[in-house]
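Q: My questions all concern the structure below.
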Amino acid sequence: MTQPGEGWILVAGSANVDYVTRVAHIPAPGETVLGLDYTLSAGGKGANQAAAAGRAGGRVRFLGALGDDAAAALLRHSLSESGVQDGSVTLAAPTGAAFISVSDAGENAITVASGANRLLSGEHLGDLAGVAMLLLVLESPLETVLAYARRASEAGCVVLLNASPARPLPAELLACVDILVVNEGELTALVGETGDLNAKLSAARQLGPQTVIVTLGARGSMALSPAGLTEVPAHPVTVVDTTGAGDTYLGVLAASLHAGLLLPAAMQRASVASALACTRAGAQPSMPWSSEIDVALAELGR
């Protein structure tokens, strides 16, 4: 078994180029809203979480599927800048793209064109020797996520699943998961309307994961683990753009747990990092570095 900080965090999942437009409000169905301009930046839930973990000081590898195009070059450059070792495969499809509208209130609406992401398969996962933790998201094919989780569990890796976007999950997948992270809507989609938040966490944990964490936006986050219930408040900030905030939480949580922090401290660090990401525009460009998180935690007296 690896010691804290030893081995790699392997993030396997999606990588997209984000086209972000600022609008007065998120358009309703059938409505056209004019934006002044747009920016182009690296994104995708898998690549985002890898970048966040790398910036937070984690020893991170990324496995995704990219096209042979300029968008792939942008993504590889961003991962490298974030300290991530890129092991992505190049496939015969365009690199994925996300089209994001951000309102003046900081809310967002996102449409994703999967592109090469939909072709990531079980055969692309290499040797897991030296991998301590596998972080998975659901923007890749579900059969691929299941194959990776099964192999990682058999290899003794910690399997962390961000069950986003929400979809029905097979019992076999949840049985392979050590740490499940969801938002409130994803938690309800997984277990149904089973009572209050504590009851939903308990129901999710009964599906297999040892620890279930739910992120609650401005209300912070909660976890149910073998040690009991943990509640962490949100870090108050002035919100500019929430794009990538959830992915920042996941990446920093993974890096913190891998470094040996106990769950409450890891959640606190992730919560602060997620809040800091909301103070800047974009996904990966907004993600804080370890030193910035340290300063914010020091201001809280943590």
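The values are calculated or read from the model by the stated rules, or taken from the named source; none is laboratory data. All values reported here derive from a predicted model rather than from experimental measurement. Virtual Cβ from ideal backbone geometry, glycine too; neighbours counted across all protein chains shown.
Q: Take the conditions of a type in the set (Gly, Ala, Ser) and closer than 27 Å to GLU6 by Cα and apply them to ALA93. Does it pass?
A: no
Q: Scan the range 66-79 and give yes if some residue there is in contact (Cβ under 8 Å) with a residue 40 or more places away in the chain and not in a helix (DSSP H, G or I), otherwise no.
A: Yes, there is a match, as at least one residue in the range 66-79 is in contact (Cβ under 8 Å) with a residue 40 or more places away in the chain and not in a helix (DSSP H, G or I).
Q: Right, another one. Using the structure shown, decide if ILE100 is outside any helix (DSSP H, G or I), surrounded by 22 or more Cβ atoms within 10 Å (Cβ to Cβ) and modelled with pLDDT under 95.
A: Considered against the rule, which asks whether it is outside any helix (DSSP H, G or I), surrounded by 22 or more Cβ atoms within 10 Å (Cβ to Cβ) and modelled with pLDDT under 95, ILE100 comes out as yes.
Q: Right, another one. Inspect all residues belonging to the range 211-232 and state whether any of them is among the small types (Gly, Ala, Ser), closer than 23 Å to ALA47 by Cβ and either in contact with a Lys or Arg (Cβ under 9 Å, 6 or more places away or on another chain) or crowded, with 18+ Cβ neighbours inside 10 Å (or both).
A: Yes, there is a match, as at least one residue in the range 211-232 is among the small types (Gly, Ala, Ser), closer than 23 Å to ALA47 by Cβ and either in contact with a Lys or Arg (Cβ under 9 Å, 6 or more places away or on another chain) or crowded, with 18+ Cβ neighbours inside 10 Å (or both).
Q: Let me ask something else about it. Are there any pairs, at least 6 apart or on different chains, whose C-beta atoms fall under 7 Å, with the first in the range 183-205 and under 21 Å from MET267 (Cα atoms) and the second part of a helix (DSSP H, G or I) and of a type in the set (Ser, Thr, Tyr), and if so, which?
A: From residues that are under 21 Å from MET267 (Cα atoms), the pairs are LYS200/THR188.
Conditions (1) in contact with a His (Cβ under 6 Å, 6 or more places away or on another chain); (2) under 22 Å from VAL112 (Cβ atoms); (3) surrounded by fewer than 21 Cβ atoms within 10 Å (Cβ to Cβ), marked per residue:
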residue	(1), (2), (3)
LEU136	no, yes, no
GLU139	no, yes, no
VAL145	no, yes, no
ALA149	no, yes, no
GLY156	no, no, yes
VAL159	no, no, no
ASN162	no, yes, no
ARG167	no, yes, yes
ALA171	no, no, yes
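Q: Please find, within the range 273-296, the residue that is nearest to LEU257 (Cα to Cα) out of those that are outside any loop (DSSP other than H, G, I, E, B), among the aliphatic types (A, V, I, L, M) and under 15 Å from the mean Cα position of the chain (by Cα).
A: ALA273
Q: Looking at the structure I just gave you, is GLY83 crowded, with 19+ Cβ neighbours inside 10 Å and on the phi > 0 side of the Ramachandran plot?
A: no
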